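Got a structure here, written out as structure tokens. Questions coming.
We did not get these values from a lab; they are worked out from the coordinates using the rules stated. Values in this document were obtained by computation on a predicted structure and should not be read as measured data. Cβ placement follows ideal geometry from the backbone for every residue including glycine, while neighbour counts extend to all protein chains displayed.
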């Protein structure tokens with residue numbers, strides 16, 4: 001337990017954001033440890049844990065390091081902890097978590113052996129496997145490999161962000177005159193375009209996997225055959241760089257060009273973390289740190305033999321369906337057929353899609369129909385993250401080719417997806433799609449679409465509003481709501497959002513939508529105040545929120561005020577939660593759970609009891625300062641009573657989870673929620689809920 005988390009509420013009313021995030025990642029690690037999780041999925045959770053950590057260091061840790069480097073304490077920004085102290089706490093916490101993850105990985109490998117799946121290293125290769133490896137190395141690995149002799153280079157090469165390298169040390173033989181020094185060094189970059197896990201030929205019904213790193217280790221004598229050495233060793237290292245984009249102000253360049261250049265320059269960002277094999281000798285480690293300019297004050301994490309464990313996300317299935325989650329077939333939405341006109345159906349009533357329990361194909365169908373329908377005149381959509389092969393983008397290009405006026409607000413600064421978005425932006429622009437690149441100083445994070453169709457001489461609006469990205473790949477593993485509606489008032493206000501993108505010095509007015517950065521904070525405050533007033537007046541009250549993150553202190557203070565007034569507050573928060581629940585006289589009426597399971601919980605849902613007539617919104621916004629004040633976000637009210645009940649039902653199912661839910665408590669110990677009720681695993685129960693509706 002880290003010291004700041006043990007402070008009493010009087011000393012600190014909020015959990016530190018970064019340390020809360022590390023607790024979220026610890027919950028991911030719990031899934032890798034959970035023996036009820038299928039074995040191969042446990043490996044993949046190790047990968048997710050590692051990938052999360054990489055991104056955390058690129059972004060959050062890098063920000064803290066910049067604050068410390070500027071000589072600032074950053075207490076107000078960092079929840080009361082000085083930046084330098086927080087960096088130290090993070091490093092200690094991560095080292096402890098990494099040690100735990102290595103132990104879990106070791107236990108998983110033992111379990112794999114019981115299933116006749118063997119992960120071997122370079123010391124365990126049989127003669128027949130040796131022949132296969134030699135051929136595989138020549139055909140697949142050697143052509144893709146980069147080997148840099150660094151021992152006597154005057155300028156050390158710039159190592160790629162989050163690439164894995166084998167640091168090679170050769171102790172040269174007596175009489176060898178290749179190099180001036182007795183020890184010489186090299187770096188081998190582990191190729192990213194070669195599978196990390198190499199499946200070797202099966203033997204006697206047993207499957208064998210060798211990690212690419214070990215395959216290269218096995219081939220060291222072949223790689224360095226021209227040198228005479230007495231001993232050679234290889235230890236893995238990895239650096240993580242600051243991922244901030246430095247966008248130049250050259251007015252002669254297009255925004256696409258500026259972002260593109262900034263993404264390329266990201267590879268030159270300052271190192272913020274070094275991870276190394278803890279068996280590396282001190283001399284080699286000191287040599288590398290000196291050459292890379294890494295100081296002891298940086299985050300230096302001793303690890304195991306293998307880094308980039310995020311690659312376990314793509315661990316091969318090996319044909320073992322029994323060791324994986326059962327694939328679900330996305331269900332249809334009752335009354336909404338994928339055959340025939342989806343716009344005609346939406347014209348009559350609203351529909352709700354809850355992916356991945358229901359099929360994402362409805363969104364693609366909506367756009368494809370709009371692209372072909374001769375009465376459709378305009379399509380406007382926001383894009384934050386697209387799939388690598390995007391049917392959304394192809395539908396929009398198709399629409400432009402059919403003469404529709406297509407407007408796409410694409411967020412080029414969607415972190416770590418900039419390159420994909422740049423690719424599609426250029427493709428769409430070349431096909432006649434009108435692109436908008438957002439508002440200066442604001443990321444556009446809302447997920448909205450408006451289609452205008454001419455009917456009886458008038459334009460009628462058809463819309464969809466989502467809590468998640470229009471991305472068919474992530475829609476298979478992210479849970480998200482999407483509302484389809486022909487409500488003309490909502491459609492009109494969505495058009496105002498698009499107007500704001502182009503003429504953003506005018507603040508629009510909204511009677512239905514809640515839009516950041518101008519209205520979300522005040523609107524949520526007002527909804528909370530209404531529940532406090534209802535409680536005081538003896539009316540029905542309550543607040544239920546489902547979020548990815550809750551970190552805005554001022555909004556947390558409003559929830560504390562609601563708790564003190566007696567309002568029951570139920571929060572389902574997957575990730576960061578800076579609110580401390582269950583503290584007497586501060587938050588005793590607030591409960592918080594976090595569900596980590598097969599799918600990534602992603603929807604944002606706001607429910608305010610409103611004296612028995614609930615006000616319900618789906619939203620793109622988490623309750624973080626950036627979402628409230630520094631992004632364009634849209635929260636959409638739900639007016640259809642059937643859909644309202646559906647959202648209340650789905651929240652109740654998630655809240656009743658007593659299998660994969662953890663309590664967020666003052667102790668920050670991620671204890672599983674245990675009660676005497678029948679077992680409910682909410683993600684499985686939600687699928688059954690929708691199946692029973694058919």
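With axes computed from alpha carbons, what is the tilt in degrees of helix 520-536 against the longest principal axis of the chain, rounded to the nearest 10 within 0 to 90?
Helix 520-536 and the main axis of the chain meet at about 60 degrees.
If you don't mind, another one. Nearest 500 deg cm²/dmol is fine: what mean residue ellipticity at 222 nm does the chain get from its DSSP H runs of n ≥ 4 alone, each adding -39,500 (n - 2.57), divided by its residue count?
-11000 deg cm²/dmol
A further question on this structure: Calculate the FRET efficiency for residue 12 and residue 693 from the Cβ-Cβ distance with a Förster distance of 41 Å, rounded to the nearest 0.05.
Step by step, r from the Cβ atoms, then E = 0.35.
Pairs of Cα atoms under 8 Å, at least six residues apart: use those to get the relative contact order of segment 1-115, whole percent.
Normalised by residue count, the contact order of segment 1-115 is 29 percent.
If we count other beta carbons within 10 Å of each Cβ, what is the order of 235, 221, 518, fewest first?
221, 518, 235
May I pose another question? Going 7 Å from the Cα of residue 111 in the Cα-to-Cβ direction, what parts of segment 623-664 have a backbone nitrogen less than 20 Å from that spot?
The answer is 658-662, whose backbone nitrogens lie closer than 20 Å to the label point.
Another question, then. Fewest first, what order do 665, 656 take by the number of other Cβ atoms within 10 Å?
665, 656
Turning to a different aspect of this structure: Given 37 °C and 0.692 mPa s, compute D for segment 372-446 with the Stokes-Einstein relation, Rh being the Kirkwood radius over Cα pairs; round to the nearest whole µm²/s.
My calculation gives 261 µm²/s for D.
Decide, for segment 560-651, between rounded, prolate and oblate: order the square roots of the alpha carbon gyration tensor eigenvalues as a ≥ b ≥ c, take rounded if a/c falls under 1.5, and otherwise choose prolate if a/b is larger than b/c, else oblate.
Rounded.
What is the antiparallel percent of DSSP beta bridges lying wholly in the chain, to the nearest 5?
About 70 percent, rounded to the nearest 5.
Only bridges whose two residues both fall in segment 514-693 count here: according to DSSP, what percent of them are antiparallel, nearest 5?
65 percent
If packing is taken as the mean number of other Cβ atoms within 10 Å per residue, what is the order of 423-433, 570-580, highest first?
570-580, 423-433
Mind checking the angle between helix 488-502 and the chain's longest principal axis? C-alpha axes, 0 to 90 degrees, to the nearest 10.
50 degrees
Still on this model: Exposure proxy check: 368, 196 ranked by fewest other beta carbons within 10 Å?
Ascending Cβ contact count within 10 Å gives the list 368, 196.
Does segment 342-502 come out rounded, prolate or oblate by the C-alpha gyration tensor, with a ≥ b ≥ c the root eigenvalues, rounded set by a/c under 1.5 and, if not, prolate when a/b is larger than b/c and oblate if not?
Rounded.
Among 631-639, 12-20, how do they line up by average Cβ neighbours within 10 Å per residue, starting with the highest?
631-639, 12-20
What percent of all Cα-Cα pairs in the chain falls into each 20 Å bin, going from 0 up to the bin containing the maximum distance?
16, 47, 32, 6, 0
In segment 143-178, which residues have a backbone nitrogen under 20 Å from the label point lying 7 Å from residue 286's Cα in the Cα-to-Cβ direction?
So the set is 150-153, 156, 167-172.
Sticking with this structure for a sec: Viscosity 0.890 mPa s, temperature 25 °C: what is the translational diffusion coefficient of segment 1-115 from Stokes-Einstein with a Kirkwood Rh over Cα pairs, rounded to a whole number of µm²/s?
159 µm²/s
What ranking do 454-463, 500-509, 164-173, 42-51 get when scored by the average of other Cβ atoms within 10 Å per residue, highest first?
The peptides rank, most packed first, as 42-51, 164-173, 454-463, 500-509.
Using the basic label-point model (7 angstrom from Cα toward the beta carbon), what is the residue 313 to residue 459 distance in nanometres?
3.9 nm
OK, next. Which three numbers, in whole Å and largest first, are the semi-axes of the equivalent ellipsoid of segment 514-693 derived from its Cα gyration tensor as √(5λ)?
Square roots of five times the eigenvalues give 23, 20, 17 Å.
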